[in-house]
Each structure stands twice: as C-alpha cells, then as structure tokens.
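The values are calculated or read from the model by the stated rules, or taken from the named source; none is laboratory data. These numbers come from a predicted model, not from an experiment. Because the Cβ atoms are built from the backbone with ideal geometry, glycine has one as well, and the counts that use them run over all protein chains shown. What goes into the accessible areas is simple: the full protein's heavy atoms, side chains included, and nothing from ligands, DNA or RNA. Shrake-Rupley method; radii C 1.70, N 1.55, O 1.52, S 1.80 Å.
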Amino acid sequence: MQEEHAGIRPGVNERVGFWYGVAAYGMWGLFPLYWPLLGPSSPAEILAHRMVWSLVAVTALLLATRRRGWVRPLLRQPRRLALCACAAAAVSVNWGVYIWGVNSGHVVETSLGYFINPLVTIAFGVLLLHERLRPVQWAAVGTGSAAVAVLTAGYGRLPWIALVLALSFAVYGLLKKKIGLGGPESLAVETAFQFWPALGYVVFLALTGQGTFGRTGAGYGWGHSGLLVLSGLVTALPLLCFGVAALRVPLTVLGLLQYLAPVFQFLLGLVVFHEDMPPARWAGFSLVWAALALLTWDAARQARRNRVRLREAAAADAAAGAEGGTAGDATGDTAGDAVGDTVGGTAGNAAGDMAEDVVGDMAEDAAGDTAEGVAVDAAVRG
C-alpha cells in the first residue's frame, strides 16, 4: 500500500511520484549532453571532480534534511564499511568508463551497457546466489547472450565498454543489497571513500600545471571551473528525485521507468552525436530489446498472479474472521466467546501468514524481475 504524504490523495501522490521518476531517469539519460561540456578536462580529471563535488552536494542534502542518525551505527560495523569501500570501487569504475565512453564518441555503446544490465544482474543471481529462473527468464538470458555475440561481430571486437558498465553496475547492485543504505546515504559513504584520492589527484594536477580547474585557457574560461563544481549537483539532483519517486510508486513502475535512461542515451548517440549504426548493430540491439521485452512481460504476468493470490488471501482472512465471530455469538457465554476468539484468531493468523508469504513473494518478484536493483543501484547511474 502506498503511503499518503502531506495529506495528498494516493492517486495524486502516485502521479507526483511518477513524474519525479521520469525526471530522475530523464536526467540520467541526458548525461551524455553534460560530460562533453567539460571536454577541456581529461576524463580522469572530470571523474576526480565528480567525486569531490558529489560528496559536497550530498552532504549538504543530508544536512538539510537532518538525516544523520545512520552514521554512528555504520561506523560501528567494519564489515559494512568494507562493503561500502568495495561499492565505491565499483562505482568509480562505472563512472570513469562512462565518462570516457561518452567523451570518446561511444554514447550508443554506453547505452547498451544499461540495456543489458538487467540480464547481467539475472546471470549474477544464478551464478552467485544460486537463484532459479523461470523458462521465460532463461529465454531472455539466451537472447541477450546471442545479442552480445552479434554485436561482437558488428563491432569487430567485444563491446567492452557496455560489458564493463553492465558488470560494474551489477556488482555495485549486489554489494548495495548487502549494505542496506538508502541512495543519498550510500552516495555519501562511497564518495567519502573516493574523496581523498580524488582530491589528491586534483591537487596534483593543479601543482603540475596539468589541471583545468581554476584556470583559463584555449577554448575555456572560468565557466569551465563552474561546470566542474556543478558535476556534484548534477550527480545528486536526479538521486533526490529518484528518492521521492521510490516512496510513491511501485517498484514495477520504477522497473519500467529505468529504461528511459538508456533509451535517451541511445537516441542522443544517433540524433545528436551522429554515431554509426550498421545493420549488425541494429540486429544486436534488436535482440537486446527482445530479451528485455520478454523480461518485462514475464514480470508483469508474475505481478498479476501475485495480486490474485493476495486478493484470495485477503478473502480467506475475512471469511475466517466472520466464521470466528459467528461461533462466538452462538455460544452466548464466556467460554463460547473464548472459543470463537480462538477459532477466529487462529484462522486469521493462518490467513495472515499466507498473506505475508504472498506479499513477500510479490516483493521478491517485483525487485528480482521487473526492477532488479532499481532502488539499490540508483546512485551509480551515469
């Protein structure tokens, strides 16, 4: 059940959340327009500034919302901190390869990485978590594997940019599930791990005269330094919108919205950056889209089944409660009331357990199939 926020009706509340979700994934999808603006800087310098200023931006966000209670418990858990350090390494690889790919004219291939990420995540679930797949999911994974083979032939090489993005994204999502922190909090911890190496690199560039921050040169002025600082806000703002959306819309909706980002990136690669798309690449992308269509259809079908099971469990709960009340009224004395309460309570508990199992199945299927990793890996986008 969706919560009501600030007295807003549930229907309106969900619509507001939907548009926040569109804003979040839309901004992530438009990132290829931003990173080339920082072109006078090398991808490594852009990455370092993104790490430094992201920590500044997300810390300001957390202080403004007074979300500080999670810090001390986390500091007392070395294992979670170690996992956070690993997540920071994974997101560093993802950000760095993405920025390099976009600024090197591989926008379409970067979009492929986010298209195939659900397939890689499913493969991780089978190989690492020993999860069992439904037949349609196996068909989607097989179709995705065929797509990689076709794209390898089309590119004349492995589409390594897409594979690195998808793999680092999946590793990040796996780690985040074990850490269990929200988006802004996790970004704060990860950028805290990144901060000192990144700041050290920025200082090194400044001392050796290789950096562009705080300087002017051929083709760039002071506005360039402002854009580097803005990279922190650019990273935090869509995450903030995503957090609002995640509170208001079902994971199934977020699972569909997540495809907005790679769709926008793909279209930008074709229309704005005029990247080549020979027939072999179209064939490979078509196979990827077919695999994603299978996953989406299977997840929607499973969600419908779960809703039916939940309604049946609720009906059983109501019937059991009515039966218990009738038994209690028929006796008309304390013993009868006790018997009726016991019967109704036992049946109600059994039905409640059944409903709890159904809800658990629904949550697992929604998170595992339709929106795998949506909430936990939001911070890594772009």
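Summary of computed values
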item: Mean Cβ neighbour count within 10 Å, used as a protection proxy, ranking 15-22, 306-313 highest first; result: 15-22, 306-313
item: Heavy atoms of Asp276 accessible to a 1.4 Å probe, total area in Å² rounded to 10; result: 110 Å²
item: Full-stretch length increase - Lys177, Arg215 - with 0.36 nm per residue and alpha-carbon distance subtracted; result: 9.5 nm
item: The range 109-156 - convex hull of the alpha-carbon atoms, volume per residue in Å³; result: 71 Å³
item: Intensity falloff of the range 149-289 expressed as log10 I(q)/I(0), Debye formula with alpha-carbon point scatterers, at q = 0.13, 0.17, 0.19, 0.21 Å⁻¹; result: -0.95, -1.26, -1.27, -1.29
item: Heavy-atom accessible area ranking, 1.4 Å probe, most first, across Trp100, Trp35, Trp138; result: Trp138, Trp100, Trp35
item: Heavy-atom accessible area per residue - the range 33-166, 1.4 Å, Å²; result: 44 Å²
item: Rounded FRET efficiency, nearest 0.05, which uses the C-beta distance separating Arg134 from Val203 and R0 of 45 Å; result: 0.30
item: Restricting the range 20-103 to trypsin sites (Lys or Arg not before Pro) in coil, as DSSP defines it, with at most 15 other Cβ within 10 Å; result: Arg66, Arg67, Arg68, Arg76
